[in-house]
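*Asks:* This structure is in structure tokens; I'll ask about it shortly.
The values are calculated or read from the model by the stated rules, or taken from the named source; none is laboratory data. A quick note: this is a predicted structure, and the numbers were derived from the prediction, not measured. When we count neighbours, we look across all protein chains shown, and the Cβ atoms used for this are built from the backbone with ideal geometry, even at glycine.
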Amino acid sequence: MGKITIAIDGYSSTGKSTIAKKLANALNYIYVDTGAMYRAVTLHALNNNYLGSEEDIPSLIADLPKIDLNFVPNPALEMSEMFLNGKNVEREIRAMEVSRHVSKVATIPEVRHKLVEMQQQMGMDKGLVMDGRDIGTVVFPDAELKIYMTASPKARATRRYKELLDRGEIVSYEEVLENVQKRDFIDSTREVSPLRKADDAIEFDNSDMGLEEQFERVYASAKRVI
Ligand code: C5P
């Protein structure tokens, strides 16, 4: 078989992006982090005061055509960074303030419509690993390989907490755990394309699995299909 499409879905902080990136590198595929796209739209909304006490979702929807999102490769970091209207926002979109609002923004049908369309365009030529919540169910229901990653909320909050501390953010573990659980709840109960395992996805619970073991398993699954 030639190049295929690999969809990786799952709850927040299951380590999807780490595995997806490593897999894309090993296969010489493109990696697309769709969470970064929802985060960038959320950042735009925050920057324009469309979220918070005086919420203005209609203005966010009206802005969608002029929200320009781009993944720009950074060879030094061996990864792509998210640019929002020409500005590198890779760091800003990972902040806790964005995490607090992103799942709400991701429930807006117009936002999902725009981003899903962009994601489908990126995958036209296959040869990509895309991670998110609805990749195997909505974006690429015909993907040749679908992985569904899970881990206990505690394991996920611990990873996320460490990540934020490493980046110098001042947060408490409890706040991170609460955010992870809240996002899981919103993501899996929303009306439009909720997070769920596609019937033909392979499930990995990596609560007690190291990175190498996870990668070996996912890589072996990919090699069986390619
Ligand atoms: O993957 P990450 O945790 O960065 O995603 C941030 C949020 O974006 C998720 O909690 C979810 O609300 C939303 N998202 C989504 N669909 C995707 C990717 C992310 O709804 N495909």
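*Asks:* Quick test of your reading of the structure: V129 fulfils all but one of (1) among the β-branched types (V, I, T); (2) outside any helix (DSSP H, G or I); (3) over 27 Å from R91 (Cα atoms). Name the failing condition by number.
*Replies:* (3)
*Asks:* Which residue, of K114, K126, is more than 14 Å from the ligand (Cβ to nearest atom), surrounded by fewer than 22 Cβ atoms within 10 Å (Cβ to Cβ) and either at pLDDT 95 or above or of a type in the set (S, T, Y) (or both)?
*Replies:* Details: K114 fails: more than 14 Å from the ligand (Cβ to nearest atom).
When all the criteria are applied, what remains is K126.
*Asks:* Kindly indicate which of K21, K66, K87, K3 is within 16 Å of the ligand (Cβ to nearest atom), of a type in the set (K, R) and surrounded by fewer than 21 Cβ atoms within 10 Å (Cβ to Cβ).
*Replies:* Working: K66 fails: within 16 Å of the ligand (Cβ to nearest atom); K87 fails: within 16 Å of the ligand (Cβ to nearest atom); K3 fails: within 16 Å of the ligand (Cβ to nearest atom).
Result: K21 is the single residue among K21, K66, K87, K3 that is within 16 Å of the ligand (Cβ to nearest atom), of a type in the set (K, R) and surrounded by fewer than 21 Cβ atoms within 10 Å (Cβ to Cβ).
*Asks:* Taking region 150-191 on its own, how many of its residues are of a type outside the set (A, V, I, L, M, F, W, C), touching a residue at least 12 places away in the same chain (Cβ under 8 Å) and not in a helix (DSSP H, G or I)?
*Replies:* Summing the residues that are of a type outside the set (A, V, I, L, M, F, W, C), touching a residue at least 12 places away in the same chain (Cβ under 8 Å) and not in a helix (DSSP H, G or I) in region 150-191 gives 6.
*Asks:* Which one of K16, K66, K87 is touching a strand residue (DSSP E or B) at 6+ places or on another chain (Cβ under 9 Å) and of a type in the set (K, R)? Working first, answer last.
*Replies:* Values: K66 fails: touching a strand residue (DSSP E or B) at 6+ places or on another chain (Cβ under 9 Å); K87 fails: touching a strand residue (DSSP E or B) at 6+ places or on another chain (Cβ under 9 Å).
On inspection, the qualifying residue turns out to be K16.
*Asks:* Can you find even one residue in region 111-122 that is in a helix (DSSP H, G or I) and basic (K, R)?
*Replies:* Within region 111-122, the first condition is being in a helix (DSSP H, G or I), and the residues that meet it are 111-122.
Applying the additional criterion that residues be basic (K, R) yields 112, 114.
Yes, there is a match, as at least one residue in region 111-122 is in a helix (DSSP H, G or I) and basic (K, R).
*Asks:* Being under 11 Å from the mean Cα position of the chain (by Cα) and either surrounded by fewer than 19 Cβ atoms within 10 Å (Cβ to Cβ) or of a type in the set (A, V, I, L, M) (or both) is the filter here; which residues of region 24-34 pass it?
*Replies:* Hit for region 24-34 is V32, nothing else.
*Asks:* Given S53, S13, which one is part of a loop (DSSP other than H, G, I, E, B), modelled with pLDDT under 95 and either within 16 Å of the ligand (Cβ to nearest atom) or charged (D, E, K, R) (or both)? It would help to see each step written out before you state the result.
*Replies:* Values: S53 fails: either within 16 Å of the ligand (Cβ to nearest atom) or charged (D, E, K, R) (or both).
The conditions single out S13.
*Asks:* Right, something else. For region 78-100, name all the residues that are in a loop (DSSP other than H, G, I, E, B) and either under 27 Å from V180 (Cα atoms) or touching a residue at least 24 places away in the same chain (Cβ under 8 Å) (or both). Steps first, answer last, please.
*Replies:* Keep residues of region 78-100 that are in a loop (DSSP other than H, G, I, E, B), which gives 78, 85-86, 89-91, 95.
Matches in region 78-100: E78, N85, V89, E90, R91, A95.
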